[in-house]
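Notes follow once the structure below has been shown.
The values are calculated or read from the model by the stated rules, or taken from the named source; none is laboratory data. Being a predicted model, the structure only gives us computed values, none of them experimental. Positions of Cβ are backbone-derived with ideal geometry, glycine not excepted, and every protein chain shown enters the neighbour counts. Accessible surface is based on the protein model in full, side chains and every heavy atom, while ligands, DNA and RNA are left aside. Shrake-Rupley method; radii C 1.70, N 1.55, O 1.52, S 1.80 Å.
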Amino acid sequence: KLLKEKLELLLREELKNYMAVEQPQERNSRNGHYTRAFQTRYGTIPDLQVPRDRKGTFQTRLFKPYQRREGWLEEAIIHMYKGG
């Protein structure tokens with residue numbers, strides 16, 4: 001449960017950063033979320049809430065669009081924290 005909460009927090013912050021910093025000139029808005037099952041070394045997260053934008057241009061850097069299993073999740077999290 002803690003891992004799910006932290007991943008969802010990172011995903012929301014990543015979308016917020018994408019819209020405010022990476023694409024500030026585009027008129028875009030949040031468009032809810034979709035759920036997906038995601039397997040980690042600590043167990044399966046059956047209903048991870050992944051945010052999305054209205055235009056559909058946002059792609060998270062935590063995992064690839066159709067990835068269902070953890071790859072280098074720890075490294076991605078460390079790089080995101082280092083990058084701000």
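Remarks
- Cβ-based charge dipole, the chain, positive-most Cα from 21, 62, 45: 45
- For the chain, excluding the exposed loop sites themselves (trypsin sites (Lys or Arg not before Pro), DSSP loop, at most 10 other Cβ atoms within 10 Å), the longest remaining stretch covers 42-84.
- Heavy atoms of residue 26 accessible to a 1.4 Å probe, total area in Å² rounded to 10: 70 Å²
- Share, in percent, of DSSP beta bridges within the chain that are antiparallel, nearest 5: 90 percent
- Whichever lysines have a C-alpha closer than 19 Å to that of residue 55, once near sequence neighbours (fewer than 8 apart) are set aside: 16, 64
- Rg ratio for the chain: its Cα radius of gyration over 2.2 N^0.38 Å, N being its residue count, equals 1.08.
- Phi angles across segment 42-48 convert, under the Karplus curve 6.51 cos²θ - 1.76 cosθ + 1.60 with θ = phi - 60°, into 3J(HN,Hα) values of 9, x, 8, 9, x, 9, 5 Hz, Gly and Pro given as x.
- Per-residue HN-Hα couplings for segment 58-70 [Karplus 6.51, -1.76, 1.60; θ = phi - 60°; Hz; x = Gly/Pro]: 6, 10, 5, 9, 6, 7, 6, x, 10, 6, 10, 10, 4
- Accessible surface, the chain, averaged per residue in Å² (probe 1.4 Å): 74 Å²
- Of 79, 10, 32, farthest towards positive along the dipole that unit charges on Lys, Arg, Asp, Glu beta carbons give the chain: 32
- The length gained by stretching the chain between residue 79 and residue 8 to full extension, at 0.36 nm per residue less their Cα-Cα distance, is 23.9 nm.
- Apportionment of accessible area to carbon and sulfur, the chain, percent (1.4 Å): 52 percent
- Placing +1 on the Cβ of every Lys and Arg and -1 on the Cβ of every Asp and Glu, with nothing else charged, gives the chain a dipole about its Cα centre of roughly 220 debye.
- Restriction of the chymotrypsin sites (Phe, Trp or Tyr not before Pro) in segment 10-84 to DSSP coil positions whose beta-carbon has at most 15 other beta-carbons within 10 angstrom yields 42, 66, 72.
- Within straight-line cross-link reach of residue 6, aspartates and glutamates at Cα separation under 17 Å, skipping those fewer than 8 residues along the same chain: 14, 47, 70, 74, 75
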